[in-house]
1. Give me the distance in nm between label points sitting 7 Å out from Cα along the Cα-to-Cβ direction at A:D73 and B:S403, one decimal.
2. For labels at B:Q13 and B:I141 in the simple 7 Å Cα→Cβ model, what's the distance in nm?
3. On a C-alpha basis, how far is the centre of segment B:56-97 from the centre of segment B:117-131 in Å? Whole number, if you could?
4. Mind giving me the FRET efficiency for A:Q104 and B:R181? R0 is 35 Å, r the Cβ-Cβ distance, nearest 0.05 is fine.
5. When N counts the residues of segment A:3-161, how does its alpha-carbon radius of gyration compare numerically with 2.2 N^0.38 Å, as a ratio?
6. Would you please name the GluC sites (Glu not before Pro) within segment B:1-91 that are DSSP coil residues with at most 11 other C-beta atoms within 10 Å of their C-beta?
7. Which FRET efficiency, nearest 0.05, do B:Q212 and A:K186 yield, Cβ-Cβ r, R0 51 Å?
8. Using only DSSP helix segments of four residues or longer, with each worth -39500 (n - 2.57), what per-residue ellipticity at 222 nm results for chain A after dividing by its residue count and rounding to 500?
Amino acid sequence: MKLYSLSVLYKGSTKANLLKAAYDLSSFSFFQRSSVQEFMTFTSALIVERSALGSRASIKEQEYLCHVYVRNDNLGGVVIADSEYPSRVCFTLLDKVLDEFSRQVNSIDWPSGSPATIQYTALDSHLARYQNPREADAMTKVQAELDETKIILHNTMESLLERGEKLDDLVQKSEHLGNQSKAFYKTARKQNSCCEIM
Amino acid sequence: MAESEEEVDVLVQRVVKDINNAFKRNPNIDEIGLIPCPEVRYNRSPIVLVENKLGVESWCVKFLLPYVHNKLLLYKQRKQWLDREALVDITCTLLLLNPDFTTAWNVRKELLQCGVLNPEKDLYLVKLALSKHPKSPETWIHRRWVLQWLQKECSPSEQELKDHAEPREDAARRQCERLQRALQEEMRVCADAAGRYPSNYNAWSHRIWVLQNMAKGNLKVLHDELSSTRLWVSMHVSDHSGFHYRQHLLKALARELSQVGETELHPTKQPNGESTAGASDDNHHNDVIPQLFHEEMELCTDLIESYPGHETLWCHRRHVFYLWHQWRREHLQGAGSQSPPLTHTDVLLSEEPCDDSSTSQTMDVDCVLDGSKHGSYTQDTKRLKRGPLLPHPALPSEHTFVSKILTGCRSTEQNRFAIAYRKWLDSVIGQ
């Protein structure tokens with residue numbers, strides 16, 4: 001039951017802008033971590049770009065679940081978790097984080113902000129605390145608050161894309177991904193990761 | 001890009017040496033991994049050492065692996081000689097890249113047997129290989145072989161942790177401490193591997209093997225394992241293998257404690273290593289087992305309610321309830337005075353605390369119970385006076401549980417699992 005990343009982004013007119021992110025990659029093998037982190041950034045930005053204002057969604061991709069909330073004021077948050085982590089708690093976390101962020105960081109700074117310029121430091125501690133969903137939040141309270149029928153469910157990342165758009169192309173063009181990550185993506189796609197030697 | 005054979009040879013020699021040097025430079029390497037790096041770079045070493053992590057750049061693998069593999073095969077076929085040091089280095093390199101290569105592990109077994117290789121080194125190599133391939137069956141098999149070999153070599157007589165009948169020499173105590181450390185290490189290796197891959201059957205099977213062959217049914221170890229895995233399974237609610245391990249622990253504990261009970265009935269030799277069993281109360285072991293099952297069912301309930309829609313938890317519930325059901329059946333048919341008054345306690349469902357006035361009602365809610373009414377009155381009152389009775393899992397309480405889940409349920413999977421569980425209760429338990 002793990003949370004891997006927690007990101008705050010600004011949904012611009014054409015693309016999403018990463019404002020701040022926290023990652024817990026301890027469960028990945030050491031040499032994969034930088035690539036994994038880049039992919040999580042890439043994924044989070046793509047999800048926010050393709051999500052409507054005022055929407056919540058959960059997107060399943062392989063063994064990960066990405067939960068997104070994009071507010072009407074263009075502020076968005078993405079949590080990338082595993083499939084065991086209860087999604088309700090993720091949405092509580094997103095509500096909380098975006099609320100806090102919007103109070104601490106002036107909205108003027110959102111459209112052009114970046115992790116280097118944005119003054120918001122609570123993300124790492126939120127991510128750490130929420131690793132144990134029960135310690136972080138009273139589950140019963142959560143269950144009462146959220147209306148699950150309004151959360152859109154996607155079975156793959158592909159369903160977020162436009163007709164004819166391919167994920168492979170987006171990966172190749174992405175500025176979030178370094179060459180090593182792009183190469184990694186290519187080989188990973190070809191293999192069954194269960195029997196991985198290369 | 002055509003590589004000449006000499007170029008490949010030079011590259012391979014260099015890589016094998018670099019890996020060897022890395023271990024010499026840093027004896028604390030705790031993880032190996034492949035670095036995705038598609039560009040071939042002959043001039044630079046593909047071996048990277050960062051903190052305690054050893055990385056191999058992926059471009060060299062396609063040269064390295066077939067070459068080293070081939071070399072070892074030629075040696076085994078007696079077509080090419082390799083000296084011992086070369087064998088150690090080559091097998092190490094091979095196994096870090098592809099640990100499912102049985103021949104390489106077997107070469108190391110031979111080296112171990114003729115004293116060239118230190119068994120601790122192999123345990124370390126296994127641990128490293130598992131950091132990259134946490135499921136690899138050949139790796140786990142080799143680890144067990146080494147552990148067994150160590151057991152044979154290091155203990156002249158059979159070491160029974162239970163058997164503390166009279167004070168032993170320091171040597172025996174040191175033996176015991178070493179075993180304790182070995183046990184802890186094995187549990188750590190298993191836990192690490194279990195964390196790296198979901199439902200890691202091989203890791204958990206190894207853990208069971210350790211219980212059976214190294215701990216040999218020691219009650220304290222079983223209890224400790226039950227408590228130490230509790231948090232783990234709570235954070236891995238769809239890990240079937242983790243829950244299966246707990247089922248195994250319960251079964252083993254029930255079996256061991258029942259045997260202790262029988263020894264107390266027919267005392268031949270007092271086993272006094274069993275601090276958990278407590279010899280004072282003749283019914284005590286009969287309390288411990290129900291309590292264990294009760295706690296496990298409680299844990300299961302808690303997780304099912306907190307994390308709806310995980311089939312593993314429902315499967316676990318079935319297993320635990322079934323084990324409980326079996327145990328209760330066996331112990332009812334045993335000597336009358338020893339059997340707990342189950343009809344009575346079954347009536348006391350989780351909602352109601354123990355109540356003196358209900359002793360007269362012996363509702364046969366469970367069809368399987370028959371002879372429990374005999375002589376159970378005195379036992380009942382004795383039990384009531386001792387303190388609050390634990391509500392034991394029973395068919396009615398299980399049905400109540402299912403109903404409760406179904407009424408509050410908002411998850412379709414949870415709904416489905418609850419209904420399936422009820423069906424199972426009726427068809428398997430209720431008969």
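1. 4.9 nm
2. My value for the distance between the label points is 3.5 nm.
3. Answer, in whole Å: 17.
4. Working: r = 50 Å, r/R0 = 1.41.
Efficiency at R0 = 35 Å is approximately 0.10.
5. Numbers: Rg = 14.6 Å, N = 159, 2.2 N^0.38 = 15.1 Å.
After normalising by residue count via 2.2 N^0.38 Å, the value is 0.97.
6. Numbers: sites: B:E3, B:E5, B:E6, B:E7, B:E31, B:E39, B:E51, B:E57, B:E85; in loops: B:E3, B:E39, B:E51.
Taking segment B:1-91 and a limit of 11 other Cβ atoms within 10 Å, the loop GluC sites (Glu not before Pro) found are B:E39, B:E51.
7. On the way: r = 45 Å, r/R0 = 0.89.
Result of the calculation: an efficiency of 0.65.
8. Numbers: 7 runs with 72 residues, N = 198.
Estimated from H runs of four or more residues: -11000 deg cm²/dmol.
Taken together, the values in this text are just the output of simple stated rules run on the coordinates, not laboratory data. Computed from a prediction, not measured in an experiment: that's the story for all the values here. As a convention, Cβ positions derive from the backbone with ideal geometry for all residues, glycine included, and neighbour counts pool all protein chains shown.
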